[in-house]
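Here, each number is a calculation from the coordinates, and none is a lab measurement. Source: prediction; values computed, not measured. Note: ideal-geometry Cβ built from the backbone for every residue, glycine included; neighbour counts use all protein chains shown.
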Amino acid sequence: TRFISAELMEDQLLLLLESLDRKIVSQQLNLVRTHITLEDQNGPFHVNARLLSFPHEEEQGLSMALVELSGGQLQEDGSAVPRDQPFEAVAALFVALYILNLLSG
């Protein structure tokens, strides 16, 4: 957890807590996993819009904000632009979501 808190910003940690409360960590984990896999391509890419389909609009916004705080840019239609920040920023988010998903089992 020391690595995670060192890499994630306070804003991200607060969004992760809200995600945990809303029980959307598993879907966010799948979204970030897909984002990491696809962003190796050069230029813009497209994630499955189903991964951005949440029961409530606030949850979609919360998830998009988490990715954006890691340097990625997601649109509601699933189009994405590679991040400007190092890979570690989104990797730390992935690790945090993975651990939260395991703990919330």
Notebook entry, point to check: Given labels modelled 7 Å from the Cα in the Cβ direction, how far is it in nm from Leu17 to Asn48?
Noted result: 3.2 nm
Next item on the list: Please give, to one decimal in nm, the separation of the simple spin-label points placed at Ala65 and Ala91, each 7 Å out from Cα toward the Cβ.
Entry: 2.7 nm
Check: Where does each of 24-31, 97-104 land if you order them by average Cβ count within 10 Å, highest first?
Finding: 24-31, 97-104
Notebook entry, point to check: Residue separation times 0.36 nm, minus the C-alpha to C-alpha distance between Tyr98 and Arg33: what's the value?
Noted result: 22.4 nm
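So what's the net charge close to Glu76: Lys and Arg +1, Asp and Glu -1, counting the other residues with Cβ under 15 Å from its Cβ?
On the way: positive: Arg50; negative: Glu57, Glu58, Glu59, Glu68, Asp77.
After counting each charged neighbour, the total is -4.
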